[in-house]
Structures are given as structure tokens and as C-alpha cells.
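Data first, discussion second: the structure below is written as C-alpha cells.
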Amino acid sequence: MNDAALLSVEDVAVDLPTPRGNLRAVDRVDLALGAGRTLGIVGESGCGKTMLSRAILQLLPKKARLTGRVMFDGRDLARCSAEGLRKLRARSLAVVFQDPMTSLNPVLTIGTQLTETLLEHLELDASAARKRAVELLAAVGIPEPEQRLTQYPHQFSGGMRQRVAIAIALSCEPKLLIADEPTTALDVTIQAQILDLLAREQRRRHMAMILITHDLGVVAGRTDEVAVMYAGRIVERAPTPVLFKKMHMPYTEALLAAIPKLEAAPHTPLPAISGRPPDPTRPLAGCAFSPRCRYASDRCHSEKPQLAQAEARDHRYACFHPIKLAAGVDA
Amino acid sequence: MATLELSVQEEIIAAPVKQTRRLGTLFWMAVGWIVLVFALAIFAPVLPLSSPTDMDMLDRRAPFSALHWLGTDGLGRDELARLIYGARISLLVGLCAPAIGLTVGGALGMLAGYFRGRFESLSVGSMDVLLAFPPLILTLAVTAFLGQSVFNLTCILGILGIPTFMRVARAATLTLARREFVIAAQALGATHARILLRELLPNVALPSLAFFLLGVAVFIVVEGSLSFLGFGVPPPISSWGSMIGEGRESLDVAPRLAFLPAIAMFLTVLSFNIVGDTIRAITDPRQG
């Protein structure tokens, strides 16, 4: 693993005990992210994206068990003390959640919520914190930030609330920002604005970012690297341009095909991925995608493919019958 | 012990207030009555009142007059003075008992709802035990052993109020603690104390305070009932409940002796309910 990496996730697995048995939400994931770089994590609902981000932040549900190492800035977060972790958060690690309706406290003003983080972590005095809060709101594109400070979350629109959530996350200049589906709950027209805002602030502050989404279109132009997750595992990982030029994993191809196209004729049926993800409490012997994969062979049903190196550098995939090579390998 | 139904009250009052957004004359009349009762109760010793305990055996059950504005009771004591001094007891018990319940029960409920686990099982279990214990027997036992006094009465009623307040606070905390803003606060490095006090308390305080004002109304009635039965404040101290109890003996000759304190209690309880619900409806920032 790259020593210079800001964040490296090594062999991380998350197990959740459920009444129906053990649920492996994240299955032996390896990731690395350099300072100032952007990683996109893509996958459908329930594939373990959010659990992976919570594992990185050490905000897993109490019953969850985490194995493996989460190295951040030379420290293993999984073994940090509660107090050490608390000090590290906000100043080094920050997160933007999916739904800005619930990620802000409904009974506190925006100003209170913004300044309390500043007062706690940056040890500013009240007037300096207020000034900084106004700057932050202005930076995320909120008009009349002075007046807005005294307002409550319900007086803001969804997009504005997400901007405030981003301002709070950015308030202590974190080194890593995890954006967990930051645009899913928003209007399509607002999505691009929020993504552009995140990209702009990321460049300006030179922070690393993990962008979690189910939309390959979102990560296409805005990330350096993409990891595709399926059933808790990373099934393909590559620098973004390489991935979009030559994907190997049938699941990635299926995800891309499922994006509606503007140039398609009206009423064209969308090539949705048939079937459902496997039950995570009953792991399959073979590749988790095999029941839904059109290239699947007997080997796929009985043996789990490991991440293999593709011909392009840094491109890894887990498939016995990668696309473009499918005809040659299949004997 | 009377149990309160918070949700029902909310629905009834919330609709008209949201419609008009004006406080309305009823609200101001309720506020006026509460202020009047409080002022009279607080300034009772300096008001030009006759003593509430001086008996005038020659002037028993006297009708309204310039000397005794509201007449005298069965022992010739001034009814107005007894009403005002009774308000002190009723308000003291009615405010302090639910305050004890709110503080202890609210804190327990928030801790239980936030930390869950063994602490929650233990506290919920012990509250169930307390709820299952017959409140009247407990009150009787305590007053029998520790003596009848306003302090003992307030304490025992406060303790009996803890489970209900704890349940309200715990229920509110349970739903709130799973909301993303709590996880967001954790992600920003907030301590447990900060999350409980800054993030959760302002949210839990709203339903709890609305419940508190309803609780005040209920506890005034409970204190009245206990005094009526003779387990409340010891004579000759007057309380509205004991005045109704004493008035019962002369219902046929002078029904006003029972009805005047009953009317005072009715108006006060009604006012607390009106004010409580109106304040809750207009200060609630959680809309849509």
C-alpha cells in the first residue's frame, strides 16, 4: 500500500449481528487515497457504501464489529481512543450526509450550529467565530449570510440546507471530507451546483474527498479514481478516465447502461439490472453478482474471483470473464 | 395518579392556532388569570387581608359583605383570605412536584434514550415498578411515617411524576438520537455531554415543557384530591382541596364554600392548559 497515502483502508470488514444471522456489510475492502485526491465510491443501495464510510469515520452502530485497519495520517483510527478520535474529527475528518433535512438540528439556528464547532475545535472567541461563520456561508454561496445566521433550518430550502451542512463540514479545514450521497435528496438542478461547490472548495483547500453515490454519471467528471462496490466488496477500481474507457467488470457496465440517456428516443426501455442483490446474511459461494450476470459461467457460481490487475496501471477488477476479454478466456 | 395523554391535546389545540397565528383573547385571559393568582399568592402576606386562620364563631358562614368580601367559612374564617393562602399551597405543590419529575425524569429519560443498553433496561424497569405501585398507598405510607407537610407532599408527588416524564423524554430522545444531525455532531467531534445538552436537550425540551404545563394542571388537581381526602396539607393551613373538603359538610346551607375553591381550581387548571398548548404551538420550529 502506498506509504504517502492520507487514508488507507486495509482489509476492512464490518459485521452486523442481525436476528437472521451475521450480516457482512463490508467485506475485506482495500482502498488508498492521497492528500488532495478524490475517490468516488459507486454502487447500488445496500451494497455497503455507507457502512464503509461509517467504518472510516468510526461511526458504526454500536453492535457492529470492525476488523482490519483504517490508517489515517499514520494512525490507525480503529484503535484510537474515543478522546483522540474526537479531537481528530472535524479538524481532520468531516462528513456531509445525504439528507440535509435531518442532518441539521431543527431547533438551533444556523449560526449556533456553525459557530459551536468553531468554538470547540479552533478555540476562537465568539466574535471571531461569528465572522468566520459569515465567511463560510458566503463561501458556500448563501446570499446575505449575516441575516441567515439567525435563521432556523426550516427557513432554508433543501439545497441551501445542504450548503449549510457543507459549510459546517468545511469549518475546521478538514484534510478528508466524506460526502455520503450529498445530492441524492436534492433536486436535479441543484445537484450540479452542490457538486461544483464541493469540487471548488476541495481544490481551494486541497483536501481529499470521498464521494459516495449510486450514480456513475456523478463521479465521471469529478473524481480521480473510482471504486465500484457490490455486495460489500470492491469489484472494480481504476482511475476515472481508465474506467470509463475500458471497464472490465460486467456490473460496472450494467450500472453505466442503467443511466438514462438524453439522446435516446422517447419511451426507450431502460436496461435495468435484473434481479436483486444477494441476501447479505447468506453469502454465496461464488461471485456475488453471478446470479444477475449475463456472462456468468459455472466457475462464477462456485468460486469467488479476487481483485486482479488489468493491463492498465492501477486498474483492478474481480471477474473471471472481464468484458472485452470475455471471448478469449472463455474456453 | 392521573396519566396524561399528550398527543390528544396537541391535535385539538394545534389546528386553530396555526390557522390564525394570533394568540387570541382566550390566551390573554388565561395569562391574566395566572398572573393574578400568582400575584395574589406571592403578595398575600402584605395584602390587607384578614388572617386565614382567625376564627370568628359568632360570624360563621356569613354571606358576602364589605368586611368579608367572599363571606366566611364554617368556622368563621375569611373565605377570600383562605382562597388566596390556599393558592400558595396549590401553586407551590403544583409547580414544584412536576418540576422534580421534569428534572429527574427528563435527565433519566434522555440518558436512557441516548445510551441505551443496560442502563436503559434498568431505569425503565425501575420506573415500571414505581408505576405499578399504588400511588395512594405510597402517599399514605409516606405521610404516616414522615408526617403531613407541604414538603413531604411535594416530594412524594414529584417522585410519583418521574416515570411519566421519563417516558416522554426517553421516547423523544430515542427518535432524535437516530437522526443524522446527531451522527453529524459525532462526526464533528462532539462529546456525549455536548450532544446531550446542545443537540438533544433543545429538541426534547419542547415536548417535555408542554408536558410540564399539563403536569402543573394535573398536580394541582391531585394535591386538591389528596387534601380533600385529608392526606394533604395539615390543618389549619388552607389549600383549595381541603377547602372543598370542608365545604362539603355545609353543601346544603352554603354551597359557595365548596364551589368557590372549586371554581378557582377549575380556572387555574384551565388557564395552564390553554397557555401550555398555545406556547407549544407557536414556539415549535419543527414544521415541514
Shielding of B:172-181 by partner chains, average beta-carbon count, 10 Å
4
Using the count of nearby Cβ atoms within 10 Å as a rough guide to exposure, how do B:72, A:223 rank from fewest to most?
A:223, B:72
Per-residue HN-Hα couplings for the range A:7-14, Karplus 6.51 cos²θ - 1.76 cosθ + 1.60 at θ = phi - 60°, whole Hz, x for Gly and Pro?
10, 9, 9, 10, 6, 7, 10, 10
What FRET efficiency, computed as 1/(1 + (r/R0)^6) with R0 = 41 Å and r the Cβ-Cβ distance, is obtained for residue B:47 and residue B:174, rounded to the nearest 0.05?
0.25
Just need the relative contact order of chain A here, percent rounded to a whole number, with Cα pairs under 8 Å and 6+ apart.
20
The exposure ranking of B:127, B:243, fewest beta-carbon neighbours within 10 Å first, is B:127, B:243
Gyration tensor verdict on the protein assembly as shown (Cα atoms; rounded if a/c is under 1.5, prolate if a/b is larger than b/c, oblate otherwise):
prolate
Under-5 Å amide H pairs with residue A:32, H placed in peptide plane, nonlocal only
A:9
Per-residue Cβ neighbour rank within 10 angstrom, fewest leading, A:230, A:295
A:295, A:230
Counting only helical runs of four or more DSSP H residues, what would the 222 nm mean residue ellipticity of the protein assembly as shown come to if each run contributes -39,500 (n - 2.57) and the total is spread over all its residues?
-15000 deg cm²/dmol
Starting at the first residue of the range B:216-224, write each ³J(HN,Hα) from the Karplus equation 6.51 cos²θ - 1.76 cosθ + 1.60 with θ = phi - 60°, in whole Hz, x for Gly and Pro.
4, 4, 5, 6, 4, 5, 4, 4, x
Go through A:175/A:261; A:63/A:175; A:49/A:246; A:175/A:304; A:49/A:304 and tell me which ones have a Cα-Cα distance over 26 Å in this structure.
A:175/A:261; A:63/A:175; A:175/A:304
Among A:9-22, A:89-102, the order from most to least packed when residues are scored by Cβ within 10 Å on average:
A:89-102, A:9-22
Restricting to Cα pairs under 8 Å and 6 or more apart, the percent relative contact order of the range A:124-231 works out to 23
Cα axis of helix B:24-42 to longest principal axis of chain B: angle in degrees, 0 to 90, nearest 10?
60
For the range A:84-92, in order, what is each residue's ³J(HN,Hα) by Karplus, 6.51 cos²θ - 1.76 cosθ + 1.60 with θ = phi - 60°, in whole Hz (x at glycine and Pro)?
x, 5, 5, 5, 6, 5, 6, 6, 10
Under 5 Å, built H, 5+ apart or other chain: amide partners of residue B:250
none
Calculate the spin-label point distance for residue B:39 paired with residue B:132, positioning each point 7 Å from the Cα along the beta-carbon direction, and give it in nanometres.
5.1
Expressed in nanometres to one decimal, the distance between label points 7 Å along Cα→Cβ at residue A:299 and residue B:115 is 5.6
Each label sits 7 Å from Cα toward the beta-carbon; between residue B:149 and residue A:144 the label points are separated, in nm, by 5.9
Can you list residues from other chains, or at least 5 along the same chain, whose modelled amide H is less than 5 Å from the amide H of residue B:60?
none
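Bear in mind these aren't lab numbers, they're just calculated from the coordinates by the rules spelled out. In this text the structure is predicted, and so the values were computed from the model without any measurement. Virtual Cβ from ideal backbone geometry, glycine too; neighbours counted across all protein chains shown.
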